[in-house]
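The values are calculated or read from the model by the stated rules, or taken from the named source; none is laboratory data. Just so it is clear, the model here is predicted, and its values are computed rather than measured. Backbone-built Cβ (ideal geometry, glycine too); neighbour counts: all protein chains shown. All accessible areas refer to the heavy atoms of the entire protein, side chains included, with ligands and DNA or RNA removed. Shrake-Rupley method; radii C 1.70, N 1.55, O 1.52, S 1.80 Å.
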Amino acid sequence: APIFQANDYCIVRDGNLIHGFSSHTGTVSTITTNGSPAIVSGSASSSWVTLVAEGTQAWAFGAFHGQWETVTLSQPNPLLLANRLTGLVQDGNTVYGVSAHHGTFVPVAADASALLSVLGEGEVGTANSPDILRGFSAQQNTWAVQSVPGSTGAYQQNEYAMMWAGNQIWA
């Protein structure tokens, strides 16, 4: 069976079953798919979160949480991104943030022009649109949303995200 292992968790695909094991909780959690899911994990060198999507169902496994969580999407084939501790799922005008610490889907409204980003070892994911900074904190399991009128740039690193307009910066 295909296996993905990083840090203190592993994912095993056995036909239509996908098992997640977390050494933090000492438990195995299993989901059943129809056989052709998209599976995205962070880097094999350092990952704590895995996302799965098939049809209008999406699942997230957070290694510290140790269980699969699910959400029903409004449309199939969402965009999935994951890094070490953060996952993002784009479902039309909603983006879900997932934290490896908490494992739950946290929604934020976002327009179709939102650009999703998760970087390397980071604990921040963004879904920025022109003039709107949206940042998801894996530590806090929340989104922060800020209007940035006349935004002229954005920057993101592992632990923070910012936008600026003129001589003002929002982070």
Over segment 65-166, with neighbouring protein chains present, the accessible area per residue in Å² at probe 1.4 Å is 43 Å²
Accessible surface of segment 1-54, 1.4 Å probe, proportion on carbon and sulfur as whole %: 52 percent
For residue 170 the rounded accessible area (nearest 10 Å², probe 1.4 Å, non-protein molecules ignored) is 60 Å²
Which whole-number percent gives the relative contact order of the chain, counting Cα pairs below 8 Å spaced six or more residues apart? 13 percent
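Using 1/(1 + (r/R0)^6) with R0 = 45 angstrom and r between the beta carbons of residue 171 and residue 27, what's the FRET efficiency to the nearest 0.05?
0.75
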Order these peptides, 4-11, 142-149, by their mean beta-carbon neighbour count within 10 angstrom, highest first. 4-11, 142-149
Subtract the Cα-Cα distance of residue 43 and residue 141 from 0.36 nm times their separation in residues, and report this length gain in nm to one decimal. 33.2 nm
Suppose the chain between residue 160 and residue 75 were pulled fully straight at 0.36 nm per residue; how much longer would it get relative to their current alpha carbon spacing? 27.6 nm
